Amino acid sequence: MDEASVTLKQQNEQLQREIESLRLRLQEAQNANLAKESFLSNMSHDIRTPMNAIVGMTALAKKHIDEKSRVSDALDKIEIASSHLLSLINDVLDMSRINSGRMTVVEELFSLGDLLHETLTIVRPQAEQRQHSFHFDAENIFAESLYGDALRLRQIYVNIINNAVKYTPERGEITLSVREEEADGRCVLVFLCRDNGIGMSEDFLQRIFDPFERVSSSTLSGVEGTGLGMSIVKKLIDAMAGTIAIESAPGRGTTVTIRIPLRYESVHLNTAPLESRRLLIIEADEALQTLYRRFLDEAGLSYTIVSSSSAAVSAITEADFRGEGYSCAILGRDVGRSNSIFELASYLHKAKSELTLVLVSDLDWGEIEYRANRSGISAFIPIPFFRKSLINGLAHALESSDTGTVSSAVPDLTGKRILLAEDNDINREIACEILSATKVSVDCAANGQEAVDLFLGSAVGTYDLILMDIQMPVMDGYAAVARIRGEAREDAQTIPIFAMTANAFAEDIARARAGGMNGHIAKPIDINLLMQTLRQAL
């Protein structure tokens with residue numbers, strides 16, 4: 001074969017490779033377009049479903065405005081549908097930011113106990129609604145204070161657990177576990193979620209992290225979602241230098257294991273306020289009893305554990321008779337019916353008002369705080385608890401009790417003044433109505449320039465706190481805060497300023513802090529979070 005023939009053959013082979021490469025790229029593009037078309041079709045259905053509920057239930061509520069039970073039921077359904085719609089929108093926006101390269105993760109100190117409690121509080125109601133057996137276990141937790149993006153971690157865990165709940169038939173089993181491993185001076189947080197649901201095929205496992213993919217159409221399976229969740233999860237885990245492994249088979253359930261390396265802070269226990277104090281733990285759950293004994297024995301504290309309300313009353317009576325009274329009673333998760341927790345608390349508070357009452361529970365504190373405070377409970381420690389959260393939580397409760405600083409669900413801010421910058425009339429009305437419950441005085445500004453003018457035109461110390469929207473006409477929130485922080489007057493550097501905005505991504509939170517703000521409250525406003533923020537700041 002002459003040289004010209006060899007060259008021609010090589011050119012033909014190169015051309016064939018290029019044609020094959022183009023064919024594969026065309027096929028990939030066509031597959032991506034099909035996935036996007038399917039996604040848009042599914043999204044049209046999935047967005048219209050909660051929107052139909054919101055519109056329909058609003059009409060029913062207006063029609064039956066004088067029937068309290070009908071209106072209450074309609075509002076409950078509107079709240080559920082709104083929450084679902086918001087989750088769909090968040091998925092789409094998250095994916096958009098990831099694809100544009102604007103998604104970042106932050107590294108801030110957070111409590112592992114708080115992260116897990118918040119996660120379980122979010123996912124447990126849906127699991128209970130489907131009558132799933134829901135188990136949680138935490139082992140080998142040596143680091144409770146970790147540096148990382150708690151918001152993104154919670155997003156990852158909630159997504160994985162919600163998938164397990166959705167794709168497991170009613171009365172299924174879901175097991176969650178968290179453990180820690182130490183490697184190269186870092187804490188590797190290992191999260192595992194196992195279910196006995198419908199499982200996934202090997203073919204789908206190869207595509208599970210592709211955008212817009214779902215196990216099956218929502219119109220067939222009854223399971224709604226964007227098909228973006230697992231793609232977002234994978235990208236977030238990659239951004240945190242972590243790994244995700246999925247084991248699954250049709251009809252045999254799914255196991256997801258996530259490993260995230262994080263920096264951690266050494267545990268510091270504040271045992272001083274607990275020394276020479278006697279603690280009474282009222283808890284029927286044997287596993288939790290074991291945890292109490294382990295942590296309290298390690299701290300060298302004096303305590304008694306009983307498993308019922310009647311045994312608690314007897315123990316308190318006998319201890320008082322011997323002159324060895326208890327300083328603190330810990331009301332555990334399992335002391336009978338949920339109502340009996342508050343009934344017991346009310347009885348103990350009336351019979352022995354100097355006894356500090358602490359609730360240790362997996363309940364949502366925001367939902368029960370008002371009733372708990374009315375019952376005499378002065379502090380809350382979330383489940384799951386670990387060594388630091390238990391010991392320091394009890395110490396803080398006794399310190400607060402000694403000084404008489406007990407918080408309530410809605411803080412009394414009589415005499416305080418807040419500057420609210422909000423350009424939207426409806427949002428301003430909602431915020432003012434929520435704040436009115438605290439008896440605080442509120443001055444409103446319709447944009448950042450008005451907020452700056454009101455602050456600088458007032459005497460030093462007039463305002464105790466500023467709530468600042470971000471996207472406003474004339475001057476945005478970032479510029480307004482920069483102007484305020486840049487002033488030489490005494491209160492410009494010290495006044496607490498919180499972003500209260502629909503800019504709710506992690507990078508928005510980081511930018512707010514970097515711009516001189518003390519914190520961030522996302523819209524739609526979480527009333528419990530706002531009240532907690534006001535309590536802590538004022």
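Here is how the numbers come out for the structure above:
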{"quantity": "Flag for Ile156 being open to solvent by 50 Å² or more (accessible area, probe 1.4 Å) and not polar (S, T, N, Q)", "calculated": "no"}
{"quantity": "Residue in segment 352-392 that is farthest from the chain's Cα centre (by Cα), counting only those that are among the hydroxyl-bearing types (Ser, Thr, Tyr) and not in a helix (DSSP H, G or I)", "calculated": "Ser353"}
{"quantity": "Strands (runs of 3 or more DSSP E) wholly inside segment 240-322 containing at least 1 residues that are of a type in the set (D, E, K, R) and touching a residue at least 40 places away in the same chain (Cβ under 8 Å)", "calculated": "254-265, 278-282"}
{"quantity": "Any hit, segment 226-243, residues being at pLDDT 95 or above, in contact with a strand residue (DSSP E or B) (Cβ under 8 Å, 6 or more places away or on another chain) and of a type outside the set (A, V, I, L, M, F, W, C)", "calculated": "yes"}
{"quantity": "Test: residue in segment 377-390 that is open to solvent by 40 Å² or more (accessible area, probe 1.4 Å), charged (D, E, K, R), at pLDDT 90 or above and not assigned by TED's automatic domain parsing to the domain that holds Glu144", "calculated": "yes"}
{"quantity": "Unmet criterion (only one of (1) assigned to a helix (DSSP H, G or I); (2) open to solvent by 20 Å² or more (accessible area, probe 1.4 Å); (3) β-branched (Val, Ile, Thr)) for Ile484", "calculated": "(2)"}
{"quantity": "Count of residues meeting criterion [touching a residue at least 40 places away in the same chain (Cβ under 8 Å), open to solvent by 40 Å² or more (accessible area, probe 1.4 Å) and closer than 24 Å to Asp238 by Cβ] in segment 119-153", "calculated": "2"}
{"quantity": "Subset of segment 272-294 [within 22 Å of Glu324 (Cβ to Cβ), open to solvent by less than 40 Å² (accessible area, probe 1.4 Å) and not acidic (Asp, Glu)]", "calculated": "Pro273, Leu274, Leu279, Leu280, Ile281, Ile282, Gln289, Tyr292"}
{"quantity": "Some residue of segment 105-120 being part of a helix (DSSP H, G or I), under 26 Å from Ala502 (Cα atoms) and at pLDDT below 85", "calculated": "no"}
{"quantity": "Candidate set from segment 393-421 (those that are at pLDDT below 90 and assigned to a helix (DSSP H, G or I)); member that is least open to solvent (accessible area, probe 1.4 Å)", "calculated": "Ser400"}
{"quantity": "Top-ranked residue in segment 22-72 [being open to solvent by 80 Å² or more (accessible area, probe 1.4 Å) and under 13 Å from Leu85 (Cβ atoms); ranked as modelled with the highest pLDDT]", "calculated": "Val55"}
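The values are calculated or read from the model by the stated rules, or taken from the named source; none is laboratory data. Keep in mind that what you see is a predicted model, and the values were worked out from it rather than measured. We place every Cβ from the backbone using ideal geometry, glycine too, and count neighbours over all the protein chains shown. Note: areas computed on protein heavy atoms with side chains; ligands, DNA, RNA excluded. Shrake-Rupley method; radii C 1.70, N 1.55, O 1.52, S 1.80 Å.
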